[in-house]
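Each remark here refers to the structure printed beneath this line.
The values are calculated or read from the model by the stated rules, or taken from the named source; none is laboratory data. Everything numeric here is computed off the predicted structure, so don't read it as measured data. Cβ placement follows ideal geometry from the backbone for every residue including glycine, while neighbour counts extend to all protein chains displayed. Just the protein is used for accessible areas: all its heavy atoms, side chains included, with ligands, DNA and RNA removed. Shrake-Rupley method; radii C 1.70, N 1.55, O 1.52, S 1.80 Å.
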Amino acid sequence: MATAGKVIKCKAAVAWEPNKPLVIEEIEVAPPQANEVRIKIVATAVCHSDLYHLFEEMPEDGFPAVLGHEAAGIVESVGPGVTEFQPGDKVIPLFISQCKECRFCKSPKTNQCEKGWGVENHDVMALQESRFTCKGRKVLQFAGTSTFSEYTVVNMIAVAKIDPAAPLDKVCLLGCGICTGFGAAVNTAKVEPGSTCAVFGLGAVGLAAVMGCKSAGAKRIIAVDVNPDKFEKAKVFGATDFVNPKDHNKPISQVLAEMTNGGVDYSLECVGNVAVMRSALESCVKGWGVSVLVGWTDMHDFAARPIQLISGRTWKGSLFGGFKGKDGVPEMVKAYLEKKVKLDEFITHTMTLDQVNDAIDLMKHGKCVRTVLSVCSH
């Protein structure tokens, strides 16, 4: 492309400081360095982890930054040493990289990677190393991706090449939320056919977990949320029962135990709230119940009584649904194209990058499942 090797001036939503609206600015995006790929972002969605950085964690050294990490785009140019990608390839940037060389990448047990952005600094999601500048200041990269921008530069180990037939304004959701929830059920919990599951929290991740439980053959899927408006949507993805904890004057774990003869086989916590994590564990049946933490948070300790685990329950966590990024994302894109996975049904709103603050407000107030922002035309 004509822009290869040059600095690109483009539009981006910059978070100058925590707890403040993002500002649409003209930024400079430097050319990709060795082993890097510059991507033209076509579509990006707003995920709760963007809000977590902006409104909850608010690290002092995490601003100014370009947020956004759930996106799809087209390779504009590649840096020296990149052979896997060519300009024009359709891609999804990955917040969880896959170098294919480290001990984690070589193990089938995990999707962690020793070379990812989060290895040393999982507590600060904005990287100091960045190809962005704005008004003479360095702007940090969020989660190694930064997709609230017309162009971004990503390390080649954190990019997945996808089927050229894939609609980017739909498959962008596979960059985070949908893989996270679906994989937590299928890969991490390893839900079995005929089992009973409970999913706590019916945002995009929770609904994807419901979809994963159904795909794995669960016969009963109990959707738990304090917002009953979400239950109709959950039905679309396969939920069979609905429980609003506010309708009961006893602990939710007791309600579920009474519904399921002692507890569910699998529970998935898709909120990121330590109290809900405990409820999800306690909702599992003793002997073999498995509870998975899916909601992202690192603010508080969690707690439970040891007897919960001694009596045979398993408590585990899942990052990006256990999918190895470069392997798993193209597979999920294929599954969508073959109509084995739903994506369109998650999208409740579509906007442009200029409306990013409206999209954030919708999510903050629980008024959307996923809002997809169109960034560049292609």
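Of note:
- Our summary of shape: the Cα atoms of the chain have principal axis extents of 65, 40, 36 Å, ordered from largest down, in whole angstrom.
- Evaluated with a Cβ-only charge set (Lys, Arg +1; Asp, Glu -1), region 177-232 carries a dipole of roughly 200 debye about its Cα centre, given to the nearest 20.
- Here, region 29-85 has an Rg and a Dmax of 14.2, 39 Å when only alpha carbons are counted.
- Toward the positive end of the charge dipole of the chain, with +1 on the Cβ of Lys and Arg and -1 on the Cβ of Asp and Glu, the farthest Cα among Cys47, Phe63, Gly206 is that of Gly206.
- Where labels lie 7 Å past Cα in the beta-carbon direction, separation of Ala30 and Thr133 in nm: 0.8
- Between amide H atoms placed 1.01 Å from N, distances below 5 Å from Cys99 occur with Lys115, all of them 5 or more places distant or on a separate chain.
- Computed over protein heavy atoms with a 1.4 Å probe, the accessible surface of the chain works out to 42 Å² per residue.
- Loop-located GluC sites (Glu not before Pro) in region 275-350, at most 16 other Cβ atoms within 10 Å (DSSP): Glu338
- Share of carbon and sulfur in the accessible heavy-atom surface of region 177-225 [1.4 Å probe, %]: 53
- Evaluated with a Cβ-only charge set (Lys, Arg +1; Asp, Glu -1), region 178-321 carries a dipole of roughly 240 debye about its Cα centre, given to the nearest 20.
- Spin-label pair Trp16/Lys364, simplified geometry with 7 Å Cα→Cβ offset, distance in nm: 1.7
- Rg over Rh for region 1-70 works out to 1.01, both radii taken from alpha-carbon positions and Rh defined as the Kirkwood radius.
- Taking a ≥ b ≥ c as the square roots of the eigenvalues of the Cα gyration tensor, region 178-321 is rounded, since a/c falls below 1.5.
- Its DSSP H runs of at least 4 residues, each contributing -39,500 (n - 2.57), put the calculated 222 nm mean residue ellipticity of the chain at -5500 deg cm²/dmol, to the nearest 500.
- Equivalent-ellipsoid semi-axes for region 176-225 (Cα gyration tensor, √(5λ), whole Å, largest first): 15, 12, 7.
- At 1.002 mPa s and 20 °C, Stokes diffusion of region 113-240 via Kirkwood alpha-carbon radius, µm² per second: 126
- A simple count of charges around Pro31, restricted to other residues whose Cβ falls under 11 Å of its Cβ and scoring Lys, Arg +1 and Asp, Glu -1, yields 0.
- In order along region 285-298, the Karplus-derived 3J(HN,Hα) couplings, from 6.51 cos²θ - 1.76 cosθ + 1.60 at θ = phi - 60°, round to 6, 5, x, 8, x, 10, 10, 10, 8, 10, x, 7, 6, 8 Hz, and Gly and Pro are given as x.
- Modelled FRET efficiency - R0 25 Å, Asn261 with Ser311, Cβ distances, 0.05 increments: 0.95
- Counting charges near Leu373 (Lys, Arg +1; Asp, Glu -1) among other residues having Cβ under 12 Å from its Cβ returns a value of -4.
- DSSP bridge pairs, the chain: antiparallel proportion in percent, nearest 5: 60
- Label-point gap, in nm, between His300 and Leu337 - each point 7 angstrom along Cα→Cβ: 4.4
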